[in-house]
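These notes concern the structure reproduced below.
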Amino acid sequence: MRKFFFIISLGISVCVNAQIEKVIPPKPSSFYAVVDNTNTLTSEQIEALNQKLTHYKDSTSNEIAIVLINSLDDYPIEDVAIRILRDWGVGG
């Protein structure tokens, strides 16, 4: 019976994990501190932020990513943020 519940739990976990992939934007080909999939920021704002955050990264070795996405699809913002950080390798 334990084995059955473990297999069901594992199956649910895999399904949930696969669904969050729809929310996570693809990793940029090179380091961009700002990714705006909502078209909220102007290109000048994105460029200015990228320059400031790249300078900050180079002077402190800390990385900051600003990612604007259209929807969380009811996922907690923490789960989406952690997934982006892990998938993109931000801070690591």
Name the single residue that is nearest to GLN19 (Cα to Cα) among those in segment 63-89 being open to solvent by 80 Å² or more (accessible area, probe 1.4 Å) and not in a helix (DSSP H, G or I). ASP73
Taking interchain pairs and intrachain pairs at least six residues apart, which have beta carbon atoms under 8 angstrom, with the first residue in segment 41-53 and surrounded by 15 or more Cβ atoms within 10 Å (Cβ to Cβ) and the second assigned to a helix (DSSP H, G or I)? LEU41/LEU49
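The values are calculated or read from the model by the stated rules, or taken from the named source; none is laboratory data. Just so you know, these numbers come straight off a predicted model, no measurement behind them. Heads up, the Cβs are rebuilt from the backbone with ideal geometry, glycines too, and the neighbour counts pull from every protein chain shown. The accessibility values were calculated without ligands, DNA or RNA, using every heavy atom of the protein model including side chains. Shrake-Rupley method; radii C 1.70, N 1.55, O 1.52, S 1.80 Å.
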